[in-house]
Amino acid sequence: MDELYREQILEHYKRPHNFGRLEDPDLEFEDTNPFCGDEQHVTIRLDEENRVAEVAFDGQGCAISTAATSLLTDELVGKSRQELLRLPKEFVLDLLGIEISATRMKCAMLGLKVVKSAGLGEPAEWEDEGAQGDPEAERTADGI
């Protein structure tokens, strides 16, 4: 089963959904993972009921970071700002479907952190996102 999820992650990495930037977004934020250099920028347009009508992201990063944000953005249309802010990290981990090591957790959570920060209009307070380490060594071990 992990192999199916790995293939899905690689597919979202190679061809991420909702990739790009929206013109004149209502919500916008960008952030980086200083440990491995992942960078993500999210733009969100709200509808008249203040729910996500469109979402896009861009940036650069590893397979886990890009795939996690691609999968996450697929799930955001129709959600209110409050729903964005309440999304738990387990939501993203379930979308990924594989075990994520403490070192790779920052990669997996970057998109969620950026989406929550966009919803707040300022950097989101963030609990421990994982451990500092060498993500490159883990990429080789994970095969992703």
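Nothing in this text is a laboratory measurement; each read-out follows from the coordinates by a stated rule. The shown structure was predicted, so the numbers you read here are calculated from the model rather than taken from an experiment. Glycine gets a Cβ as well: all are built from the backbone with ideal geometry, and neighbour counts include every protein chain shown.
Residues checked against (1) free of Cβ contacts under 8 Å to residues at least 12 places away in the same chain; (2) not acidic (D, E):
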site: E3; (1), (2): yes, no
site: L10; (1), (2): no, yes
site: N18; (1), (2): no, yes
site: D26; (1), (2): no, no
site: D31; (1), (2): no, no
site: D38; (1), (2): no, no
site: I44; (1), (2): no, yes
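Tell me yes or no: at least one residue of segment 6-24 is among the acidic types (D, E), surrounded by 15 or more Cβ atoms within 10 Å (Cβ to Cβ) and under 23 Å from L120 (Cα atoms).
No: segment 6-24 contains no residue that is among the acidic types (D, E), surrounded by 15 or more Cβ atoms within 10 Å (Cβ to Cβ) and under 23 Å from L120 (Cα atoms).
Taking segment 77-95 as the search range and keeping residues that are touching a helix residue (DSSP H, G or I) at 6+ places or on another chain (Cβ under 7 Å) and over 22 Å from P34 (Cα atoms), which one is surrounded by the fewest Cβ atoms within 10 Å (Cβ to Cβ)?
The residue in question is L85.
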